[in-house]
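Each remark here refers to the structure printed beneath this line.
Since every read-out is calculated from the coordinates, none of them should be taken as a lab result. What you see is a predicted model, and the numbers here were worked out from it, not measured in a lab. Positions of Cβ are backbone-derived with ideal geometry, glycine not excepted, and every protein chain shown enters the neighbour counts.
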Amino acid sequence: MITGTGVVKTYKQRGKMLGAREVRALRGVDFAIPKGGAASFIGESGCGKTTLGRIIAGLETYDEGEVVIDGVAMSGLKPKERQPHFRKIQMIHQDPYSALNPTRTIHQTLHAPLSLRARQTGRPRSWIEERAAEVLSLVGLDPGSVLARYPHQLSGGMRQRVVIARALTVDPEMLVADEAVSMIDVSLRLGILALLKDLRERLGVSVLFITHDVATARYIGDDGELYVIYRGQVVERGAVDTVIADPVHPYTQSLLSAIPVLHGLEQPGEQPVVPLESLDESRSDEGCLFARRCPFRADRCEGERPLLQITDGVPQEHACFYPERRNVIARPLSEV
Amino acid sequence: MTVLLEGSSTSAAMRRNFWAGVWRVMRRKPSRLVGAVLMAGFVFMGAFGPLFYPDPLPRDVNQLTRPPSWQHWLGTDDQGRDVVALVVTGSRYVLLAALVTAVITVVLGTGIGLFSGFKRGRWDTVLMRITDMKLTIPGLPLLLVLSTVWKFSSAVQMGLVLGLLSWGGVARAVRAQTLSLRERGFIEAARGLGLSTSHIVGKELLPSMAPYIAMNMLIAITGGVYSQVGLFFLGVLPYESNNWGQMLNTAVFRSGALTVPSALGFLIGPLLAILLLTLAIVLVVDAMDEIFNPRLREE
Amino acid sequence: MSKQAPGVRIDGLTVVYKTPAGELPAVRDVSLTLEPGSITGIVGESGSGKSTLALSLLNAVQPPGRISAGSVEIDGLGDVVGLGGEQLRKARGRHIGYVFQAAQNSLNPLKTVGKQLLDLGRSHGVDDLRGLVREAKELLGRMGLDGARVLDSHQHELSGGMRQRVGIMLALVLNAHVVVLDEPTTALDMITQANILKIVREVHAERGLTTLVITHDIGVVAEVADRLAVMYGGRLVEQGPTREVLGSPRHPYTRGLIKAIPRLVGDIDEARALPGRPPTLATVPKQGCVFRERCALRMDVCDDVDPEAVLQGTRTVACHAVTVKEHA
């Protein structure tokens, strides 16, 4: 079980003019991912979803709040003491090309973490080779043909499978997949998504999926939770299917409306929400963070910030004063 | 490629593959082979060349400062010694000193650059300030000052001093490389997996920089040759053994090779040696990228 | 000023790349007509030859590649394959506008957008540079930007979506009427992508263009294109009106590709990845159908005979299995 409460991360950015500008990457985020569970962080680039994922994987620190892994709070520990906890959470990077060392064979790549694991758990050296073959089989690769190869001899999809296999070498409890399929050929993406889902079912690892493509979030399983993040704040949170089918926050609705419609196969939603584009970089920190782009904003939104809450008649949490269901997503013609 | 490689046989097989790959890369361009042959020639000359000549070299008082002839291919010096023999016997000091310079430059530069770039933070700041300070010390004047107290009679001493003076640039460059590499996914993944720092630096970072380091090493050799030849040419160091810089000094200042045609061979000898060595290195450097990159090595 | 949108006819185009293993075709015998005033989308994965095909439209395939056969006829310009040197340079920009892949990064980081615009104008011998700037501001304004401010900006001061708009402006500002957009929305966020696609559609209609969109994302084509062409392993395997191809894909690859897209509603278990992986230049089969290794409908004939593109109503499909079924 991995939980976070009020996680804040602020970057100091050197501005063009004198003085540093503070960029709030995360503004007090709560999350909870149960053992064997699944969650997705959805949002546009720069919304903080990747930062949050990296904090959860222990690759970045946070300024306020707390991250708790299996009951142990991370902020009280020294960096060395955190390592065994963060070992349980492995990151799958977006780019399978830079995630593997081009000068090392797949065998070498897997051997290093496995021999570390063998030492930690007191297993014999022979276990290393067995396990290397095993993790490759788990991700659907043929160990015999892959082990002796260099990354450049594998396709993007195969590399991403090797990356997942490498993460499995240290027996993780959770995989954090950051846009893990966006650089993979379209015809192969689903295979990787299915693999993550399959690993959840077979090994009981939980999966945190970070993406800007809402549709892929469905593939981690229907028991998963969806977090919609905008400018460092979770603006909507609930069961995957609920949030996708009945979003109430205008930002979630904008994201869903923006997904291309496969005309000929699908019929577009009747009430698409088109947000005002924020071409102006001087963003206001007053009131609702989405107010300036929101087509439905009211006076109250300018002065007061809505917090994540539950209101009557809405099954999911949301951060909007005026939650309203809108028919935004495209549906297959066969269903209409 | 389909066999499951294990344990020690893996590393032996990989080593074999590596050298087979090196051979493939070298064969790709004839110029690389020429460079490698030239370089082997210089190594042989430095190691065994002096053994072929008597010490001290015979002097022929009837043949002082002669132009090239069948008997003396590059002529003779002002004491009637054969220039070819001088170049060969003088190579040991020059090449050894240059090699020591290069090793020290690369080891210090890479070590400091790697450590600085990988640790970042306070260590980085301190080390880079030191590097900057070192870079601001002008090398040649310092050497001139040092030469008044130190005679550099042995090549190792010479190399040591030159090496200590020239690691700054490599350190800066390696640090920059490290900083960009450590952001790469595979380094981050290694940290996430909990692999040790020595593994990350030694097995992940260093091999990724191998072509770069090898290139720096080779170029540092030419740098080492130039600086010591320059020092001896300026005549600020008393010379106790033959070397190319001292030959140039005598050729120009004592025999007037710039105006006297008969001393031209005396001048050309060491110059030709330096030129060929530089050429050899330039030709071989071209292959480094392909040798250390598995993809380029195999294609 | 407004000309008739030109038509483009690509006929039997083959582009080969010189490799150590000999000359390998990246695009093989592709015939495709871009009707005047239409938007055509080419969909393909990595190694399908879609970007090479787009470059052929400008006769801009770089060595070691070359166009080895076929023609690209553009109305008012003639066969582009026969053009060379100065003529070709003038044609690029004047007749054919090109928005490069990752246009977000194709601007010169050292010069303001305005400077780059003037460079473009000068290299094409535009006399009225004021007019050019006016036109650029108008185009940028049309795309929802403050023209004057953008022209004064450097690349790093613009967001991804803004840079993409600048790329489109630079492609159109010389009044080109054939426009090629290579992966116009890759690396952009969903909302920005939707905006850019809307702009492409609107500008296309307003200026009377003939547009070609190259992408790996069927959704992008579905949003903007009238006609859809699917490429695989250097071959054009299916083409036809977008709605028809999406509604009832015939080539097994097209079917597989559409099935492989995660959707928001419906049974998620229906979505399937295609088995195998897309071929590279080196692994494309020399003879027979390029898709057979991953195909569920594979027959004996597929191993030896490359299926011809057969016209079936509004559609062209290159598949033995489909052709056999049609004739049965």
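Assorted remarks:
- Antiparallel %, DSSP beta bridges [both residues in chain C], to 5: 60
- For chain C, the number of Lys pairs separated by eight or more positions or lying on different chains, with C-alpha atoms closer than 22 Å, is 11.
- The string of couplings for the stretch A:85-101 from the Karplus curve (6.51, -1.76, 1.60, θ = phi - 60°) is 6, 6, 4, 5, 10, 10, 9, 10, 6, 5, 9, x, 7, 8, 7, 10, 6 Hz, one whole number per residue in order, with x for Gly and Pro.
- Whole-number D in µm²/s for chain C (Stokes-Einstein; Kirkwood sum over Cα pairs; 25 °C, 0.890 mPa s): 118
- Kirkwood-based Rg to Rh ratio, the stretch B:16-298, C-alpha trace: 1.06
- Mean ellipticity per residue at 222 nm, deg cm²/dmol - from DSSP H runs of n ≥ 4 across chain B, formula -39500 (n - 2.57): -23500 deg cm²/dmol
- The per residue volume of the convex hull around the alpha-carbon atoms of the stretch A:104-170 is 67 Å³.
- Anisotropy class of the stretch C:181-328 from Cα gyration tensor, a/c 1.5 cut: prolate
- Sorted by Cβ density within 10 Å, fewest first, the residues A:H152, B:H72: A:H152, B:H72
- Legend: ranking of residues B:D77, C:D267 from fewest to most surrounding C-beta atoms inside 10 Å; resulting order C:D267, B:D77.
- Calculated [θ] (222 nm, deg cm²/dmol) that DSSP helices of n ≥ 4 give over chain A, each run adding -39,500 (n - 2.57): -9000 deg cm²/dmol
- Rough spin-label spacing in nm, given labels placed 7 Å along Cα→Cβ, for A:Y11 and A:R123: 3.8
- Per-peptide packing, taken as the mean over residues of other Cβ atoms within 10 Å, places B:52-62, B:273-283 in the sequence B:273-283, B:52-62 from highest down.
- In the stretch A:209-336, one over the average inverse separation of all distinct C-alpha pairs is 15.3 Å, which is the Kirkwood hydrodynamic radius.
- Counting neighbouring beta carbons within 10 Å and listing from fewest to most, the residues C:T33, C:T314 come out as C:T314, C:T33.
- The simple spin-label model puts a point 7 Å past each Cα toward its Cβ; for B:M133 and A:S75 those points are separated by 4.0 nm.
- Centroid-to-centroid separation of the stretch B:71-111 and the stretch A:54-94 [C-alpha atoms, Å]: 57
- In sequence order, the stretch C:39-44 has phi-based couplings of 10, 10, x, 10, 10, x Hz under the Karplus curve 6.51 cos²θ - 1.76 cosθ + 1.60, θ = phi - 60°, and Gly or Pro positions carry x.
- Fraction of antiparallel bridges per DSSP, the protein assembly as shown only, in percent to nearest 5: 60
- Rounded Å value of the spacing that divides the Cα centres of the stretch A:171-225 and the stretch C:109-175: 41
- Estimated 222 nm signal from helices in chain C, with DSSP H stretches of n ≥ 4 weighted -39500 (n - 2.57), rounded to 500: -9500 deg cm²/dmol
- Radius ratio Rg over Rh of the protein assembly as shown, counting only Cα atoms, Kirkwood formula for Rh: 1.03
- Average beta-carbon neighbours from other chains, 10 Å sphere, peptide C:268-274: 6
- Near the amide H of C:S106, within less than 5 Å, lie no amide hydrogens of residues on another chain or at least 5 residues away, with H placed in the peptide plane.
- 27 Å Cα-Cα threshold exceeded, pairs from A:K9/A:K88; A:K49/B:K203; A:K9/A:K197; A:K9/A:K35; A:K78/B:K134: A:K49/B:K203; A:K9/A:K197; A:K78/B:K134
- Sequence-distant residues sharing a close amide H with C:V310 (under 5 Å, placed H): C:V317, C:A318, C:C319
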